[in-house]
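**Q** The structure that follows is given in the form of structure tokens.
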Ligand code: PA5
């Protein structure tokens, strides 16, 4: 299995100039900090950072595969009901590892996959109008087991199935992944006897993709979940190396930190030159934003830290964002996601050979054109003094995606040490959840509701 590669040539001053790029000395000065950060993060592997151990949970994997086997051929659709860390990984895996047209013509005995990570009535209402609940398995995912969006969807779709096939049969249309003991969803599992999986302690939402949170839906739609965790384990092995210049997660974290703090690049663009990796970039956006975007340092000082993740897709965004990226403010750095070997060879037919405007395309492959566009963008960014790195994989498969996900997770954990923030909490997200509970009149949140009402807010100014 081939290893993914992190090429950081073009973040260096030699490529983009002294003012914008990093020097070898700057990186070398991070070596000691990186070694300590890695040691401190890995030391928590069996304590509060149990996500580091997810690649080795073979019993859980066996149970997931047995469950997927037991329902094979029974459902035409799987609908994930979850949000944030309980949804983004599912989408990233589906779009990376299954056909973009999977839902139009899924392989035999394999359901379609829908990830309903929004409660917009027009999304949910359309789903109800178009998808038959009696042929659908609802995969309800919530670490806390109480998130309003997910629970409202659960109530809604549970009822829709009951209305079609009755209460008893409906139970087999629901599979739950939640905390082992806490939360109303676990209580409901106990009452209803739903098949359920556990989000282990020490596995936060955005670090949970390699737990049943991401693996149940993947196994159901035929993704090679064993390959995925083997890829993650391979990256874990590789990243135990404390040498900065040999460890891709340490290097990625060091580059992010230095470009932000020493070169004024608060924007981190993950630029996927693979249509299949566009949602991996989306998943990474949440991982980076929620983990590092914090008001307080670990000692409680107010710091308001955090890079801003941006997702872009090549070649599409060459015709949308790249003008800004090459000529706008020097506030961004770029991680290009690149794939050496697409699965398909598509050759452009020759025609109009007397017209140079199209003649040069005839007989060339889309891979050649795609990679020329990617390399062209990389050259343009570099010549314009924009630091850019490339994360490359030979092919997109379960093993390389497992490697990439683990690399990003570990890198972000290391960034938490460098930025001196708690990478594993999300008080800003919780604040929004609490305000929503209060506004919805949930018992226990009366005081917060009174506070919101008393504050009155500013007088509306609307035209
Ligand atoms: O990463 C996180 O912790 C969040 O994005 C959560 O995943 C999200 O808020 C959903 O929470 P829960 O899984 O508890 O329903």
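The values are calculated or read from the model by the stated rules, or taken from the named source; none is laboratory data. Predicted model, so just to flag it, every value in this text is computed and none were measured. All Cβ positions, glycine included, derive from the backbone under ideal geometry; neighbour counts span all protein chains shown.
**Q** Can you confirm whether residue 175 is within 16 Å of the ligand (Cβ to nearest atom), modelled with pLDDT of 95 or more and touching a helix residue (DSSP H, G or I) at 6+ places or on another chain (Cβ under 7 Å)?
**A** Yes; evaluated as a whole, the condition is true for this residue.
**Q** Could you tell me whether residue 213 is touching a helix residue (DSSP H, G or I) at 6+ places or on another chain (Cβ under 8 Å), assigned to a loop (DSSP other than H, G, I, E, B) and surrounded by 24 or more Cβ atoms within 10 Å (Cβ to Cβ)?
**A** When the stated conditions are applied, residue 213 does not pass them.
**Q** For segment 281-310, how many residues are under 25 Å from residue 208 (Cβ atoms) and either more than 16 Å from the ligand (Cβ to nearest atom) or at pLDDT below 95 (or both)?
**A** 8
**Q** Would you mind finding the one in 409, 417 that is under 21 Å from the mean Cα position of the chain (by Cα), part of a helix (DSSP H, G or I) and either over 25 Å from residue 36 (Cβ atoms) or more than 16 Å from the ligand (Cβ to nearest atom) (or both)? Let's see the steps before the verdict.
**A** Details: 409 fails: either over 25 Å from residue 36 (Cβ atoms) or more than 16 Å from the ligand (Cβ to nearest atom) (or both).
Exactly one residue qualifies, and that residue is 417.
**Q** Could you please let me know if residue 192 is more than 30 Å from residue 372 (Cβ to Cβ), away from the ligand (no atom under 16 Å from the Cβ), touching a strand residue (DSSP E or B) at 6+ places or on another chain (Cβ under 8 Å) and outside the structural domain of residue 308 (by TED's automatic domain parsing)?
**A** Yes: the conditions hold for residue 192.
**Q** Is there a residue in segment 65-78 that is under 28 Å from residue 389 (Cα atoms), part of a helix (DSSP H, G or I) and out of contact with any strand residue (DSSP E or B) (no Cβ under 7 Å at 6 or more places or on another chain)?
**A** Taking every residue of segment 65-78 in turn, none turns out to be under 28 Å from residue 389 (Cα atoms), part of a helix (DSSP H, G or I) and out of contact with any strand residue (DSSP E or B) (no Cβ under 7 Å at 6 or more places or on another chain).
**Q** Tell me whether segment 150-160 contains one or more residues that are more than 14 Å from residue 86 (Cβ to Cβ) and touching a strand residue (DSSP E or B) at 6+ places or on another chain (Cβ under 6 Å).
**A** Yes, the conditions are met somewhere in segment 150-160.
**Q** Counting just the residues of segment 358-370 that are touching a residue at least 12 places away in the same chain (Cβ under 8 Å) and surrounded by 13 or more Cβ atoms within 10 Å (Cβ to Cβ), which one comes out nearest to the chain's Cα centre (by Cα)?
**A** Here is the first cut: in segment 358-370, the residues touching a residue at least 12 places away in the same chain (Cβ under 8 Å) are 361-367, 369-370.
Next, only the ones that are surrounded by 13 or more Cβ atoms within 10 Å (Cβ to Cβ) stay: 361-362, 364-367, 369-370.
Numbers: 361: 35, 362: 38, 364: 34, 365: 30, 366: 27, 367: 26, 369: 28, 370: 24 Å.
Here the answer is 370.
**Q** Could you list, in sequence order, the residues of segment 125-156 that are under 23 Å from residue 67 (Cβ atoms), within 16 Å of the ligand (Cβ to nearest atom) and in a helix (DSSP H, G or I)?
**A** 150, 151, 153, 154
**Q** Filtering segment 420-434 down to residues that are in a loop (DSSP other than H, G, I, E, B) and within 13 Å of the ligand (Cβ to nearest atom), which residue is surrounded by the most Cβ atoms within 10 Å (Cβ to Cβ)?
**A** Checked segment 420-434; the qualifying residue surrounded by the most Cβ atoms within 10 Å (Cβ to Cβ) is 423.
**Q** Also, I was wondering about something else. For segment 435-459, enumerate the residues that are surrounded by fewer than 11 Cβ atoms within 10 Å (Cβ to Cβ) and assigned to a helix (DSSP H, G or I). Let's see the steps before the verdict.
**A** Pass one, segment 435-459, residues surrounded by fewer than 11 Cβ atoms within 10 Å (Cβ to Cβ): 441, 443-444, 447, 454-459.
Hits for segment 435-459 are 447, 454, 455.
**Q** Next up: Would you confirm whether or not segment 427-434 contains a residue that is touching a strand residue (DSSP E or B) at 6+ places or on another chain (Cβ under 9 Å) and not assigned by TED's automatic domain parsing to the domain that holds residue 281?
**A** Within segment 427-434, the subset touching a strand residue (DSSP E or B) at 6+ places or on another chain (Cβ under 9 Å) is 427-428.
Right, trim to not assigned by TED's automatic domain parsing to the domain that holds residue 281 and you get 427-428.
Checked against the condition, which is being touching a strand residue (DSSP E or B) at 6+ places or on another chain (Cβ under 9 Å) and not assigned by TED's automatic domain parsing to the domain that holds residue 281, segment 427-434 yields at least one hit.
**Q** Let me ask something additional. Evaluate the following for residue 381: is it touching a residue at least 12 places away in the same chain (Cβ under 8 Å) and more than 28 Å from residue 235 (Cα to Cα)?
**A** Judged against the criteria, residue 381 is a match.
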